[in-house]
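Accompanying notes for the structure given below.
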Amino acid sequence: MNVIPLAQMLEFSQKGDERGHLVIVEGEKDIPFAIKRIFYIYGSDKDVIRGQHANKQSEFVLINVAGTSKVKVKDGKGNESIFCLNRPYTGVYLPRMVWKEMYDFSEDSVLLCVASTAYDPSEYIRNYDEFVRIISERTES
Ligand code: TYD
């Protein structure tokens, strides 16, 4: 059995006081890379599946700063994990070269995505069979 984690939940520092909550996400400290880009996803219906790609270069941390969603992560070798994003002070770290699908969005979901790279469409693998082929080639060599 492959026990190498595909991805990892992170819990961030909170500085709450009587004025409310403040959560800190500092690059290379609270997450394992320097932050190059953020984007966020909201207004996705419950039956929508987003993502459905792997990235050759980018690492990500995904945080539901409002609402909830789920993230399915696959390694292309038959292992998969599902992460529930349901607290604004937690996130999931996604390394390079994992297949990811975001789904089950609540109506109020705002999914913040923190990335290690600028956007480059050429580093995205959007075909699952191609992803599996690249993984198996890497495993063989
Ligand atoms: P897409 O990767 O399909 O979103 P998701 O993985 O969340 O389902 O991106 C949707 C569109 O936005 C697509 O046309 C590419 C564009 N885009 C950018 O221009 N820059 C970015 O940083 C990202 C993530 C997407």
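Report the residues of the range 79-117 in range of a label on GLN14: point 7 Å along Cα→C-beta, backbone N strictly under 18 Å from it.
Of the residues in the range 79-117, 84-92, 110, 112 have backbone N under 18 Å from the label point off GLN14.
Counting Lys and Arg as +1 and Asp and Glu as -1, what is the net charge of the other residues whose Cβ lies under 11 Å from the Cβ of GLN52?
Local charge sum for GLN52: +4.
If each residue of separation counts as 0.36 nm, what is the full-extension length gain between ARG138 and ASN79 once their alpha-carbon separation is subtracted?
In short, 19.6 nm is gained.
Taking the Cβ of LEU94 as the centre, find all other residues whose Cβ is under 9 Å away and add up their charges (Lys, Arg: +1; Asp, Glu: -1).
+1
Hey, how many Å between the Cα centroid of the range 84-118 and the Cα centroid of the range 10-36?
Centre-to-centre (Cα) distance: 15 Å.
Rounded, prolate or oblate: which fits the range 54-94 when a ≥ b ≥ c are the square roots of the eigenvalues of the alpha-carbon gyration tensor, with rounded for a/c under 1.5 and prolate only if a/b beats b/c?
Cα axes put the range 54-94 in the oblate bin.
With a probe of 1.4 Å, find how much accessible area the range 62-130 has per residue, and write the answer as a whole number in Å².
44
What is the dipole size for the range 66-141, taken about its Cα centre, with +1 at each Lys and Arg Cβ and -1 at each Asp and Glu Cβ, in debye to the nearest 20?
That gives the range 66-141 a dipole magnitude of about 200 debye.
Among VAL98, LEU62, TYR40, whose Cα sits farthest toward the positive end of the charge dipole of the range 1-139 (+1 at Cβ of Lys/Arg, -1 at Cβ of Asp/Glu, about the Cα centre)?
In the range 1-139, that residue is VAL98.
Using a 7 Å offset from the Cα along the Cα-to-Cβ direction at both ASN86 and GLN57, what is the distance between the two label points in nm, to one decimal?
Simple spin-label model gives 3.7 nm for this pair.
Probe 1.4 Å, all protein chains in place: accessible area of THR139 in Å², nearest 10?
Counting only protein heavy atoms, THR139 exposes about 90 Å² to solvent.
If you project the alpha carbons of the chain onto their three principal axes, what span does each projection cover, largest first, in Å?
Largest first, the chain extends 56, 34, 33 Å along its Cα principal axes.
Treating the beta-carbon of each Lys and Arg as +1 and of each Asp and Glu as -1, no other charges, what is the dipole magnitude of the chain about its Cα centre, to the nearest 20 debye?
So the dipole magnitude of the chain works out to roughly 160 debye.
Averaging sequence separations of C-alpha pairs under 8 Å and six or more residues apart, then dividing by the length of the chain, give the relative contact order as a whole percent.
33
Please give the solvent-accessible surface of ILE49 in Å², to the nearest 10, using a probe radius of 1.4 Å with every protein chain present.
In the full protein context, ILE49 sits at about 90 Å².
Determine the sum of side-chain charges near SER69: Lys and Arg each +1, Asp and Glu each -1, restricted to other residues whose C-beta is under 14 angstrom from that of SER69.
Around SER69, the surrounding residues sum to 0.
Using a simple spin-label model with points 7 Å from Cα along the Cα→Cβ vector, what separation in nm is obtained for THR68 and ASN127?
3.7
Which of the trypsin sites (Lys or Arg not before Pro) across the range 1-57 are loop residues per DSSP, with 11 or fewer other Cβ within 10 Å?
Loop-located and lightly packed - LYS15, ARG19, LYS29, LYS46.
At 4 °C and 1.567 mPa s, what whole-number value in µm²/s does Stokes-Einstein give for the translational diffusion of the range 95-137, with Rh from the Kirkwood sum over Cα pairs?
Approximately 100 µm²/s, per Stokes-Einstein.
Given a 1.4 Å probe and the protein chains all in place, what does the accessible area of GLU130 round to, in Å² to the nearest 10?
Per-residue accessible area (GLU130): approximately 70 Å².
The values are calculated or read from the model by the stated rules, or taken from the named source; none is laboratory data. Here the structure is a predicted model, which means the values were calculated and not measured. Quick reminder, even Gly has a Cβ in these numbers, built from the backbone with ideal geometry, and neighbours come from all protein chains shown. Keep in mind that these areas ignore ligands, DNA and RNA; they rest on the heavy atoms of the full protein, side chains included. Shrake-Rupley method; radii C 1.70, N 1.55, O 1.52, S 1.80 Å.
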